[in-house]
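Everything on this sheet refers to the single structure shown next.
The values are calculated or read from the model by the stated rules, or taken from the named source; none is laboratory data. This is a predicted model, so every value here is computed, not measured. Heads up, the Cβs are rebuilt from the backbone with ideal geometry, glycines too, and the neighbour counts pull from every protein chain shown. These area figures cover heavy atoms from the full protein model, side chains too; ligands, DNA and RNA do not enter into them. Shrake-Rupley method; radii C 1.70, N 1.55, O 1.52, S 1.80 Å.
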Amino acid sequence: MAGLSFRKIIFISSMFFHNHLKISKLSSKQGVCNEAQLGFLNLESLGKKTDLGNHVLLFNGERVLLRSSSSSSSLFPYFMLVAFEAGSLIRALVLLLLYPLIFLCSEDLALKAMVMVSFIGLKKERFVEGRSVLPKFFLDDVAMESFEVVRKGKMAVAISDLPQVMVETFLGNYLGIDFVVGRELKTFRGYFLGVMMEEQIKNDEVEALISNSSNKVLGIVNGSKKLCVDDYCRWFSHCKEIYSVSEEERSKWHKLPRDCYPKPLIFHDGRLAFRPTFFATLAMFTWLPMGIALGILRIAATVTLCNALRFPILHLTGIHIRVYNSKNIDSSQDRKKEKGALYVCNHRTLIDPLLLSFCLKKPLTAVVYSLSRISEILSPIKTVRLTRNRDRDAKLLQNLLSQGNVALCPEGTTCREPYLLRFSPLFTKITDRVHPVAINCHVTMFYGTTARGLKVLDPLLNLMNPWPTAWVHFLEVAHVGGSAMAIDNGSDEENSKYEMANLVQASIAKELGFTCTKLTRKDKYLILAGNEGLV
C-alpha cells in the first residue's frame, strides 16, 4: 500500500488489537446500562406525539434510520463498497475472506476490523466514495417510519458509530439532518491508518445545544445496542426521555420512497449495481471468471458479426433488447435535401448509439463528447468527437448528416437514475426534423459507466452483466423549423432554441416516466469527481 511499509502495517495492527483488549477491560469494569436502567420507551409512542416541533431529537444515526438489522454485521455491505470502490478488487476479496471470522467477533471488534481492512492505506484526499457511492445504498435502506419521526423535531442530531467520512453526506446532505457526529479516522502522512478514534468527533456546537437547559432533548437509540456509561453520560444524559427501537418494530418498517427524499439522488458513481451483502459479493466473485469470458465473447460478436447474426448471438448470451413504437422509425431518406436522419436520445449507457443502430438495422454515426480510445477502436459504428465549440460542432454535425444517419445524446453524459439532464440546444440548429428516442436499461451486477474510474473498462463491465436488458422507444418525429417546433400536435408556437430542446427532453421523459432537470454534465462531474469532466 502506497506510503506505508510492511513493518508499519504490522505495528499498527498490533496496537489496534492491544487497544481493543484494553478498552474491553475498562468497559467490563465500568459496566453498561440496560433498557431497564435507562427506562427506555417505545419509538412508536414517540411518533404519536404532536409537540415534537419544540424538541431536539438526538439519535443513533444508522442504527435508528436503517431498516436492516442494527448489528455490525449488517454494516458489511457499506464497508465492502469502500473496499471495492475506493480500494481494489483484492482488498474487497480480503474483506470477504475475513468476514466469517469478523462475524464471530464481538460487535465492537467486528466494526473496528471492517474499518481497518476497508480504509488502511487509502489516501484521505482521494476518498470521495462517502459522497459519490455510499449515499445511494444508504438511502435504499432508510426506513420511512423512523425517518418521519426524526424529521418532526425542531432539530435532529445524529450520533454515528461509523467514520464521519462515510455518513456525513448521506445524513446531512440527503436526509437534511442538522448535525452529524461520527468518528474520526486516524491518518499518517495523508493516508488512513484504518483506526477510529474511540469517541465521536468533538462538536462544541452540538454539545452546547443538547446541554442547554432551555432545549427539550429526546433521545432515540437502538434497543439491542448496550450503551456504555461514558457514552450515555456524554450524549444522552440531558435527554428528557429516551426511546428505543426494537427488532420486532424494525421488521415492520417500510422503505422510504424516492419521492420522499428531502434532496433527490440524481448522481452516484461506482461500479457495483447491487447491494454487496456477504452472499451477493460471494456470488459476484464466483461469477467474475465467467463474466469476463462472456463479456469478451459479447464484444467479439458485436464487433465482428453483421446484424443478421449479431442479434441472435447476443440474445443467446443473455442480452435482451426490446423495441417499442417501431412504426415511428423514419429515416427521412425521401427528403431530397437530406441523406440522413438525426436521432436524439437520452444517455443511459456507453452503448446507447449501438442499441439504436441495432434496432434501426442500418449504420449511423455516433457523436460523442468523450470516449476512451479503446472504446473507439472496439466500436462497430463510426464515432466522432465534438469540440465543445457550438458553432464548430454545428458545422460538423451538418456535414455528418449530409453523409448519413447521426445519433446524438444532448445530455452530454450518462445518468443512472430516472432523471434527464438538461438537453443542449445544439441539435435545434442542425435540421428542422429530429427523431426523439427514449432509452432505458437495467443491469444486475456492474455499471458500465464511471465518473472517476477507468473508462477503458466501461464496455467490458457493461457486457459482463449476467442478464442486461434494454428498452428502446421510438417517438414521433419532432419538427424544428427555424424558431418554431411542433411535436405531435403540429403547433407553430414560437419557441427559443432552449425551449425546443426542453420540449424534446420532456417528450422523452414522459415516455420513460423520468423527471427533467436543469443539471448538466459539468454539475455531475463536479459532484462526483471534483472536476468538469474534461477527458
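Below, the figures for the structure above:
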quantity: Residue 49 paired with residue 274, simple spin-label distance in nm, labels 7 Å along Cα-to-beta-carbon; calculated: 4.2 nm
quantity: Spin-label proximity, residue 531 to the stretch 366-384 - amide N less than 15 Å from point 7 Å beyond Cα toward beta carbon; calculated: 370-373
quantity: Set 49/112; 123/518; 263/455; 255/361; 382/522 screened for pairs whose C-alpha atoms are more than 31 Å apart; calculated: 49/112; 123/518; 255/361
quantity: Rounded Å value of the spacing that divides the Cα centres of the stretch 185-211 and the stretch 93-123; calculated: 20 Å
quantity: Counted charge near residue 426, where neighbours are those whose Cβ lies closer than 15 Å (Asp, Glu -1; Lys, Arg +1); calculated: +4
quantity: Amide H contacts of residue 416 (H built 1.01 Å from N, under 5 Å, at least 5 apart or other chain); calculated: 268
quantity: Rounded accessible area per residue of the stretch 85-239, 1.4 Å, Å²; calculated: 41 Å²
quantity: Spacing of the two label points (7 Å from each Cα toward its C-beta) at residue 385 and residue 252, in nm; calculated: 6.0 nm
quantity: Computed label-point distance, nm, for sites residue 305 and residue 327 using a 7 Å Cα→Cβ extension; calculated: 3.1 nm
quantity: Potential extension, residue 402-residue 90 segment - 0.36 nm per residue separation minus Cα distance; calculated: 107.3 nm
quantity: Extension reserve of the residue 510-residue 240 stretch, reckoned as 0.36 nm per residue once the Cα distance is removed; calculated: 92.2 nm
